[in-house]
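Working notes for the structure below.
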Amino acid sequence: MKQYGLIGFPLSHSFSPDYFAKLFAREKRKDCRYDAYEISSISMLLNLIRKKKLLGMNVTIPYKQTVISLLDYLHPAALRIGAVNCVKIDRRHNRLHMIGFNTDYLGFRQTFIPCLTSAHTKALVLGSGGSSLAVRYVLKKENIPYLLVSRLASANTISYNDLTPEMVNMHTVIINTTPVGMFPETNFSPSIPYEGISSNHLLYDLIYNPAETIFLQEGRRRGAKIINGYEMLCSQAEESWKIWQSDSVFWE
């Protein structure tokens, strides 16, 4: 049995095992299995890989950056982004060789770009973690200027407390890369002045459960276009599968 999986913490309700079970059924791959592995420390990873004989894995919160130190090689895009959500494990020649990729940016780009209009000229990116790095990479490649919003202000980041309705109104793309509002904590939302949102806005939430977070509800109530993270997750999963099945994968 060829074993694949997902690492992260916590992993109470991940969509990945069900998605890959359907993918394997679709492709009639009875020789493949995908499981979620909740690990409380990245130091547990190498033992898990050896024990389960993993051939590939997806990486989610909070390990998209810390996993890099354990890898033998980074795909150029993952190196530039600074985060990894997909690892290919080569076991040939009696040696473990782990290669890190980022399929988050592919999934985001494929689902984000078709939704843009001429009104969408500036973006707010909420959150500064691994998913945020992939989103910012796409925005840079598409020449969309953005403002990064996090809990603490820094040289290139403003805090939520400093965000004004006028700033929200000027930035007609707002992308939530944080887990705020994700199941089971569905009564929460990013602390932004929602009154600045208009019908010109596009709100993209990387969260897929629930399908419509309070963040997206606030946008819909004001006439904005809204997108949740489900299609992005599906897209990045398909790209991960391509990587695991290929001897050489080079894309930008």
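Since Arg33 meets every condition but one in (1) assigned to a strand (DSSP E or B); (2) more than 20 Å from the chain's Cα centre (by Cα); (3) buried (at least 17 other Cβ atoms within 10 Å of the Cβ), which condition does it not meet?
Answer for Arg33: the failing condition is (3).
Could you check how many residues of region 31-47 are closer than 14 Å to Tyr4 by Cβ and of a type outside the set (A, V, I, L, M)?
Number satisfying all stated conditions: 6.
Quickly run through region 148-206 and pick out the residues that are assigned to a loop (DSSP other than H, G, I, E, B) and charged (D, E, K, R).
Within region 148-206, Arg151, Glu185 meet the criteria.
So, in region 149-162, of the ones that are among the aliphatic types (A, V, I, L, M) and touching a Ser or Thr at 6+ places or on another chain (Cβ under 9 Å), which residue ends up surrounded by the most Cβ atoms within 10 Å (Cβ to Cβ)?
Ranking the qualifying residues of region 149-162, first place goes to Val149.
If you go through region 209-247 one residue at a time, how many are part of a helix (DSSP H, G or I) and of a type in the set (Asp, Glu)?
Summing the residues that are part of a helix (DSSP H, G or I) and of a type in the set (Asp, Glu) in region 209-247 gives 4.
Just one of Tyr146, Tyr137 is in the same structural domain as Ile227 (by TED's automatic domain parsing), surrounded by 14 or more Cβ atoms within 10 Å (Cβ to Cβ) and touching a Phe, Trp or Tyr at 6+ places or on another chain (Cβ under 6 Å); which is it?
Tyr137
Looking only at region 168-203, filter to residues that are farther than 14 Å from His120 by Cα and of a type in the set (A, V, I, L, M); which one of those is surrounded by the fewest Cβ atoms within 10 Å (Cβ to Cβ)?
So, considering only residues that are farther than 14 Å from His120 by Cα and of a type in the set (A, V, I, L, M), the one surrounded by the fewest Cβ atoms within 10 Å (Cβ to Cβ) is Val180.
Would you pick out the residues in region 44-80 that are among the aromatic types (Phe, Trp, Tyr) and surrounded by 18 or more Cβ atoms within 10 Å (Cβ to Cβ)?
Selection gives Tyr63 alone.
Of all residues being under 15 Å from Lys2 (Cβ atoms) and free of Cβ contacts under 8 Å to residues at least 40 places away in the same chain in region 88-100, which is surrounded by the most Cβ atoms within 10 Å (Cβ to Cβ)? Just the residue, please.
Looking at residues that are under 15 Å from Lys2 (Cβ atoms) and free of Cβ contacts under 8 Å to residues at least 40 places away in the same chain, I get Asp90.
Would you mention how many residues in region 74-122 are assigned to a helix (DSSP H, G or I), basic (Lys, Arg) and closer than 23 Å to Tyr63 by Cα?
Count: 2.
Limited to region 39-61, what total is found for residues that are in a helix (DSSP H, G or I) and either outside the structural domain of Cys86 (by TED's automatic domain parsing) or touching a helix residue (DSSP H, G or I) at 6+ places or on another chain (Cβ under 7 Å) (or both)?
3
So Ser41 ticks every box in (1) under 24 Å from Pro184 (Cα atoms); (2) surrounded by 13 or more Cβ atoms within 10 Å (Cβ to Cβ); (3) not β-branched (Val, Ile, Thr) but one. Which box is left unticked?
(2)
Within region 78-114, track down each residue that is of a type in the set (D, E, K, R) and over 12 Å from the mean Cα position of the chain (by Cα).
Result: Arg80, Lys88, Asp90, Arg91, Arg92, Arg95.
The values are calculated or read from the model by the stated rules, or taken from the named source; none is laboratory data. Everything quoted here is computed from the prediction, not taken from an experiment. Here Cβ is always computed from backbone atoms with ideal geometry, including for glycine, and neighbour counts include all displayed protein chains.
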